[in-house]
Amino acid sequence: MIFPADMPRIDALIARQEGLERVDRETVEAIQLKKLNRLLAREKKRGGFYRDLPERLFSLADLPSLPFTTDEQLAANAPGLLLLSQAQISRVLSDATSGTTGAAKRVFYTELDCEHTVELFMAGLGELIFPGSVTMILFPFTGPYGLGELIAEAVSRLGARPLKLGAAGSCGEWSAVLEKEKPDSFVGMPVQLLRLLRVCGRGSLRRALVSGDACPAAVIEGCESLLGSRLFPHYGSREMGLGGAISCGAHAGMHLRENHVIAEIVDADGRPLPPGETGELVITTIGMEAMPLIRYRTGDCTRVLPGRCPCGSEVLRLDTVSRRDGAALAALDETLFRLPFVADYRAERRDGRLHIEVLTCGEGTLPPLDAELSVRPIRPDDRPLCLAKRRIENG
Ligand SMILES: [Zn+2]
């Protein structure tokens, strides 16, 4: 894939995938309406999950008139949402193992869906990974078309060497890799990066792309000061094919792959909010071949940044993303990760009382917290306290 030097990477990606000369609001929105109408017509014809929706919309402004798709519907109707036969599916991702109760959500992908994700990862990683460099990947490697595998493919295609480490390694294992392989870049979850940098020290890595979880300001600032460079946050979810929005060199929000995803922001009552206002992100995944969703409520909170990006792109940008139900954890993150001697922590509610386990890497005193505390120095055999999206557990 060749990106013209004068074009932002996200624009070049969309231009190449859609056969466009240039990418501006008008062309992006025309593509979105065309793909949405193709999907609506197809659903009507096949009597699919969305068969009761209108056959076409005359404008994207009418999108908010369609009903939302919820997690519960996704869990109950996955095969009905599938546009293709199971034989055409390359990968199924389920959240059955991540501690959720009730029916598991399943999301299906074709080979083309996965290829689009790799291409988006290349556009995002191309900002920080160069031919000949070495990149440590701290996401799970679960087999063909898994998240770790797709990132490693993008790293390889950029001419760099991926270190496929997975998410569950111990501190000792990761610092041995740093010593031996001398990677210059990192791809993984934000808190794992902070822990690694705090344990292994300033300058042990140069650049990083973080994804997979909320990215609290205290974690971003802690990482950037130890890296000596700005972070490249990425936003994705299973429902949008793992890859969704990438940071550009301007570090001014994350550009959404708008030829595959239409974003809306809504308030608590489901009413659309204008650019600049924070609410829940709702996505319509018009570019997914296997399992497109219409107005899916992500449960993630963010806002659309108004106007054109300083990089020159008019492709929509999402601000930092947090979980709709994550306020208590976000407040703890701000308190604890601001302390440079905190390497990691985990919070759990037991019998109505908050219990916090803190791993430290250096001397310091914790502020008074309304919780039962257990504090000890981190050891080389300590693995990450949380392997999935972080939350306050109920014990
Ligand atoms: Zn930009």
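Every number here is computed from the coordinates shown, using simple stated rules; none is lab data. None of these values were measured; they are calculated from a predicted model. Note: ideal-geometry Cβ built from the backbone for every residue, glycine included; neighbour counts use all protein chains shown.
Could you work out [θ]222 nm for the chain from helices alone, using -39500 (n - 2.57) per DSSP H run of at least four and dividing by all its residues? Round to the nearest 500 deg cm²/dmol.
-9000 deg cm²/dmol
Peptides 352-358, 250-256, 162-168: what's the order by average Cβ count within 10 Å, highest mean first?
My ranking of the peptides, most packed first, is 250-256, 162-168, 352-358.
If a/c stays under 1.5 just call it rounded; otherwise compare a/b with b/c (prolate if a/b is bigger, oblate if not). Do that for the stretch 107-173, with a ≥ b ≥ c from the square roots of the Cα gyration tensor eigenvalues.
oblate
What is the distance, in nm, between label points placed 7 Å from the Cα along the Cα-to-Cβ direction at SER225 and at GLU29?
Placing both labels 7 Å beyond Cα along the Cβ direction yields 4.3 nm.
What does the extension gain come out to for GLU72 and LYS44, with contour length at 0.36 nm per residue minus their alpha carbon separation?
7.9 nm is the gain from fully extending GLU72 to LYS44.
List THR365, THR335, THR320 from most exposed to least, where exposure is judged by having the fewest other Cβ atoms within 10 Å.
By the 10 Å Cβ count, ascending: THR365, THR335, THR320.
What FRET efficiency comes out for ARG16 versus ARG161 if R0 is 25 angstrom and r is the Cβ-Cβ distance? Round to the nearest 0.05.
My answer for the efficiency is 0.50.
Any chance you could run the full-extension gain for SER170 through GLU111? It's 0.36 nm times the residue separation minus the Cα-Cα distance, nm to one decimal.
Value of the extension gain: 17.9 nm.
Peptides 25-35, 275-285, 204-214, 49-59: what's the order by average Cβ count within 10 Å, highest mean first?
Packing order, densest peptide first, comes out as 204-214, 275-285, 25-35, 49-59.
Test of understanding: ordering THR70, THR298 by Cβ neighbours within 10 Å, fewest first, what list do you get?
Ordered by Cβ neighbours within 10 Å, fewest first: THR70, THR298.
Sort the stretch 1-159 into rounded, prolate or oblate with this rule: let a ≥ b ≥ c be the square roots of the eigenvalues of the Cα gyration tensor; rounded if a/c is under 1.5, and if a/c is not under 1.5, prolate when a/b is larger than b/c, oblate otherwise.
It is oblate, given that a/c is not under 1.5 and a/b is not larger than b/c.
Give the residue list of trypsin sites (Lys or Arg not before Pro) in the stretch 282-336 that are DSSP loop and have at most 14 other beta-carbon atoms within 10 angstrom.
ARG308, ARG324
Measure off 7 Å from each Cα along the Cα-to-Cβ vector at LEU387 and ASP351, then give the distance between these two points in nanometres to one decimal.
Simple spin-label model gives 3.0 nm for this pair.
For LYS164, list the lysines whose Cα falls under 25 Å from its own Cα; do not include residues on the same chain fewer than 8 positions away.
Qualifying lysines at Cα under 25 Å: LYS180, LYS182, LYS389.
If I stretch the segment between LEU369 and GLU181 completely, what's the gain in nm (0.36 nm per residue apart, minus their alpha carbon distance), one decimal?
Roughly 63.7 nm would be gained on extension.
Pairs of Cα atoms under 8 Å, at least six residues apart: use those to get the relative contact order of the chain, whole percent.
Computed over the chain, the figure is 15 percent.
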